[in-house]
1. From (1) touching a Ser or Thr at 6+ places or on another chain (Cβ under 8 Å); (2) of a type in the set (D, E); (3) in a strand (DSSP E or B), pick out the condition that doesn't hold for E4.
2. Working only within the stretch 60-70, note down all residues that are farther than 16 Å from M1 by Cα and open to solvent by 60 Å² or more (accessible area, probe 1.4 Å).
3. If you go through the stretch 11-42, how many residues are without any contact (Cβ under 8 Å) to a residue 12 or more places away in the chain and over 16 Å from L63 (Cα atoms)?
4. Just give me the residues in the stretch 18-33 being open to solvent by less than 40 Å² (accessible area, probe 1.4 Å) and under 11 Å from the mean Cα position of the chain (by Cα), in sequence order.
5. Within the stretch 1-20, track down each residue that is within 14 Å of R66 (Cα to Cα) and either of a type in the set (D, E) or at pLDDT 95 or above (or both).
6. Can you spot a residue in the stretch 43-59 that is open to solvent by 60 Å² or more (accessible area, probe 1.4 Å), in contact (Cβ under 8 Å) with a residue 40 or more places away in the chain and more than 18 Å from Q8 (Cβ to Cβ)?
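The values are calculated or read from the model by the stated rules, or taken from the named source; none is laboratory data. As the structure is a computational prediction, the values presented were derived from the model and not from experiment. Backbone-built Cβ (ideal geometry, glycine too); neighbour counts: all protein chains shown. Ligands, DNA and RNA are excluded from the accessible area calculation, which covers all protein heavy atoms including side chains. Shrake-Rupley method; radii C 1.70, N 1.55, O 1.52, S 1.80 Å.
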Amino acid sequence: MEVELLIQLVPTGQVISVAVLKASGNDAFDRSAEQAVHKAGRFDKLQELPPRVFEQYFRKLRLVFRPEDLRL
């Protein structure tokens with residue numbers, strides 16, 4: 001089981017949107033992954049990147065969440 005998310009960020013590292021690209025088949029798991037990204041809200045270290053690097057790799061970021069990746 002995994003969900004693939006598309007996260008859109010601005011150069012400050014602020015999350016501006018989260019969308020499910022590939023659902024896991026488990027709505028609760030998908031919502032939980034989306035909520036986790038929204039809760040993080042900002043990725044401060046991205047502010048330290050050169051603008052070209054940010055635009056190329058982090059403006060739109062794809063992340064895959066899997067249950068086995070979670071720590072309890």
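1. All conditions are met except number (1).
2. K60, R62
3. So the answer is 2.
4. Matches in the stretch 18-33: V18, A33.
5. E2, V3, E4, L5, V20
6. No, the stretch 43-59 has no match at all.
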